[in-house]
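Where a number appears in this text, it was derived from the coordinates with a stated rule and is not lab data. These figures come from a predicted structure and were not determined experimentally. All Cβ positions, glycine included, derive from the backbone under ideal geometry; neighbour counts span all protein chains shown.
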């Protein structure tokens, strides 16, 4: 791996972990926020939805800009913008103000994924492996945020996790400025070497099936991640740890989600060598089974089911990124990633408020049943992708 590639990997590892700390900071704090603002699951779900809509809606213009002005600049914008806004949460005293700031943070965070995946797809020699490493960083962010947010929030107040993550973001933004010249020059060099006109027509049916499957998975991700810490806190009892339900839920959720990093590594290593469509199908099929298992279990069985779910869910991400780079020409990668994250984070964000409604009226178990159904829909779409892939590979 060249020095320039190492700098790119280093920047994206830190920035990817951080974007999921911003995304996941609220759910572990739900019990504290209910007490602070005298609110309920539904209204906090609306804030998560607002963040996630912004997180998704900004992805498409970010992807287009990444194709035009360079993805590294977009990453720097995200780091400074989200970091400064997090510091603005300190004086907040109303739920409305908190929700507005979280929405703006989501808008800055929305620029990250299209830019980072474009940078990796155009810059790295082994794309699948790079997507896997990048995904591991994101999974570690997703896995660590329940325990970090819950632990820090319980000890020092619900505002403190936001402030700490904001300061880290500003520091990483400064680092991105230090390496800006070298990385920007490398971006231009790789773009000049690698950008080629597309050959033949785009596989439009495959692209549509892929985006439908990814949208369904985006819905499951937001619905599950919003209420997983609270669900764990209610149904997993580890009395020997002497933790309150907020910290316990965050801790157990983190333990379960750490397996997602292994899933990212597994898929990233395999996708350069085996059929991406078949790997995708295996992951979503197994994931479907264990989401339903989570809905009907408690204690150790629930934790085990969450571990297996996380492994296979997060293994889909490097495969998805690889498939976009396969289906679209290089000069449209930013647009492709923009559409992808618009659908997964934007459309998928409706699950937060919908899951909050289900939780209030039918209990938290109903959230996982509904998310399992969405997972099953994704499995059907990916199954069609596999059939089309097998048919095209058999044509001489």
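Principal-axis analysis of the Cα atoms of the chain puts helix 204-235 at an angle of about 20° to the longest axis.
Kirkwood radius, segment 3-394, all distinct C-alpha pairs, inverse of mean reciprocal distance: 20.7 Å. What is the helix-to-structure angle for 259-270, meaning the angle in degrees between its Cα long axis and the longest Cα principal axis of the chain, kept from 0 to 90 and rounded to the nearest 10? Its long axis makes an angle of about 10 degrees.
Each peptide in 304-316, 87-99 gets a packing score, the mean of other Cβ atoms within 10 Å over its residues, and the list from highest to lowest is 304-316, 87-99. Put the Cα centre of segment 210-224 next to the Cα centre of segment 276-335 and the gap is 10 Å.
Contact order, relative form, for segment 283-354: 26 percent (alpha carbon pairs under 8 Å, 6 or more residues apart, mean separation divided by residue count).
Compute the length gained on full extension between residue 160 and residue 300: take 0.36 nm times their separation in residues and subtract their Cα-Cα distance, giving the result in nm to one decimal. So the extension gain works out to 47.3 nm.
Helix 3-24 and the long axis of the chain differ in direction by around 30°, with both axes built from C-alpha atoms. Highest-first packing order for the peptide set 168-178, 270-280 is 270-280, 168-178, based on the mean count of other beta carbon atoms within 10 Å. In the chain, the DSSP-assigned H stretches of four residues or longer account for a calculated mean residue ellipticity at 222 nm of -28000 deg cm²/dmol, using -39500 (n - 2.57) per stretch and the full residue count as denominator.
Which of 16, 333, 361 ends up with the largest GNM mean-square fluctuation for the chain, with Cα atoms connected below 10 Å? Checking each option, the largest mean-square fluctuation is seen for 361. When the chain is treated as a Gaussian network with alpha carbon springs shorter than 10 Å, the biggest mean-square fluctuation among 131, 108, 292 belongs to 292. Picking from 317, 264, 126, which is most flexible by a Gaussian network model of the chain using Cα springs under 10 Å? Greatest mean-square fluctuation among the candidates belongs to 126.
Report the Cα centroid-to-centroid distance between segment 89-113 and segment 5-46 in angstrom, as an integer. Cα centroid of segment 89-113 versus Cα centroid of segment 5-46: 10 Å apart.
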